[in-house]
Amino acid sequence: MTRMPWPNATPPVPTDPVWQEFVTAAHQADSHAASLRVIDAAGLHVDVSAQRQSAELDRAAEQLLTQRHLAAAREALFDGELVNVSEGRAAQHSVLREAAPPAEVAMERERVRAFVQYADTERRWRNIVHVGIGGSDWGPRLAVAAFGNTGRWRTIRFVSNVDGHAIEGGLAGLDPRDTLVVVSSKSFTTTETMLNAERALNWLRAGELPEPWQHVVAITANPERARAWGVPESQIFRFWDWVGGRYSIWSSIGLPVALSVGSEVLAGMWAGATEMDRHFKTAAFERNAPVQMALAGVINRSVLNYGSRAVVPYDTRLFHLVPYLQQLEMESLGKSVGLDGSPVTLPTGPVVWGMPGTDAQHTFFQWLHQGSDGAPVDFIVCRHADHRWPQHHQLLLANCLAQRAALLRGRSPQHMPGSAAETASDAHGAKLAAHRATQGGRPSTLIVLPRLTPHALGALLALYEHKVFVESVIWGINPFDQWGVEYGKTVADRVVAALTDRASYEAEDYDPSTGHWIENFSRAVQGKRS
Ligand code: F6P
């Protein structure tokens, strides 16, 4: 364990007077009324009006942030200190997007640019098969879907899951002569990725290409492994162990984005993210968008006890934003011990879930409006669309605003305008009114992008990264490790061994149900009838 780079490593306790003042102020703030509070940050408008707010709450929040040493923590992050204490690593992903990054970053960036330029000039590779998972997959998927909406001359297919149907579908119908396989993996050891990569390599070999390895590119922080696997040195693009997987879209991991939708998309995303970095570093806390979103996140989770938060982009091109944020937030904030190893006593990171609107309205909004739990919502929308039909965009904007307003104000039985049944004083009318009432008071944030440009997407992703960091500082947890996932991987390795080799199976290692299914499945795996 590395020493904490800022003074307060202990998670807050419910009895702490500063915390208690924050809790009291949050409870006292009106849940149904919004006074306009919009923060402009890196070209985005972040409207936190529909979150709890009051002058007392602002004061209590300021005290809390001082007690948690947020300013020192932020400095440590940007100074490259070892903020990832359990792995002894820095978390310097923001360096990757700087206009003038350190030499090794600039050199790798240039290698990616030159490779893409060569491929484009030569019109090489009509098809890209991208093999990678988690942080080595969601970022490229998101950016390609966001900016490839109107078609592009290259086809790109993403293969992440170890389910053989994924690689089967990923390769189906492609001509190996015109296909590039991009293997993205920070560690270059991830089981799913390595098996899928092997499968893709065999497919290239079966294509009787003169030089199959010329059709493979590796992107990794472990170039030795990529070399040992067989990738030619000139086709290995690297990044570094101080780049967390879920923060790696800013690194060479962006190469498939450049191949698919253009190098200028990456450059635009870097610029937008850098502008958000600047905002986070310099804006006063009460006008700082990531800080205010984080405070709302902590109130909603640890004070109001909401166990989840919905993310609803009113833009179908941002479909992959939901899983991207699920990884960013849930791998980062799904922690139950403090930086100092002591147990946390407040609830930490919520479940993140969602779907683009307006589909979401016909899927889970009923639960948001009238369910017993409800959840805060992040609404994300672009002021301008990039298609030719203003009527569609008007409807989209109106629906976004309407849902948010309805969740905030609710509708009480006494205030139901409209039909006679609603206002009737007879018993039936009263019952009907009860069914139709919605309680309101559901918190939300509205993020308005001018339009979906690479700059805006970069700013949006950096906004969420910094929000997550601030939440982790308030909760006193490490947002940069993922030991639970690592544990899951080791158990999976043992089960794989048990399924394929009876000798390695120890019944007492497992609960009765897992043991039963290992025995049952091992017959299927070994080709016997079950
Ligand atoms: O999901 C766990 C994880 O370790 C992520 O943090 C990471 O993005 C993903 O696996 C893939 O890892 P790699 O890039 O090393 O293949």
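The values are calculated or read from the model by the stated rules, or taken from the named source; none is laboratory data. It should be emphasised that the depicted structure is a prediction, and the values quoted were computed from it without experimental measurement. Note: ideal-geometry Cβ built from the backbone for every residue, glycine included; neighbour counts use all protein chains shown.
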When you go through 91, 76, 72 one by one, which is the residue that is within 16 Å of the ligand (Cβ to nearest atom) and closer than 19 Å to residue 471 by Cβ? 91
Filter result (outside any strand (DSSP E or B), modelled with pLDDT of 95 or more and among the β-branched types (Val, Ile, Thr)) within region 340-363: 348, 358, 363
Say whether the condition of being modelled with pLDDT of 95 or more, over 25 Å from the mean Cα position of the chain (by Cα), surrounded by fewer than 17 Cβ atoms within 10 Å (Cβ to Cβ) and not aromatic (Phe, Trp, Tyr) is met by at least one residue in region 127-145. no
Filter region 191-236 for residues that are in contact (Cβ under 8 Å) with a residue 60 or more places away in the chain, within 13 Å of the ligand (Cβ to nearest atom) and crowded, with 17+ Cβ neighbours inside 10 Å; which is farthest from residue 489 (Cα to Cα)? 219
Limited to region 330-345, what total is found for residues that are away from the ligand (no atom under 13 Å from the Cβ) and closer than 16 Å to residue 482 by Cβ? 5
What's the total number of residues in region 244-263 that are buried (at least 24 other Cβ atoms within 10 Å of the Cβ) and more than 10 Å from the ligand (Cβ to nearest atom)? 9
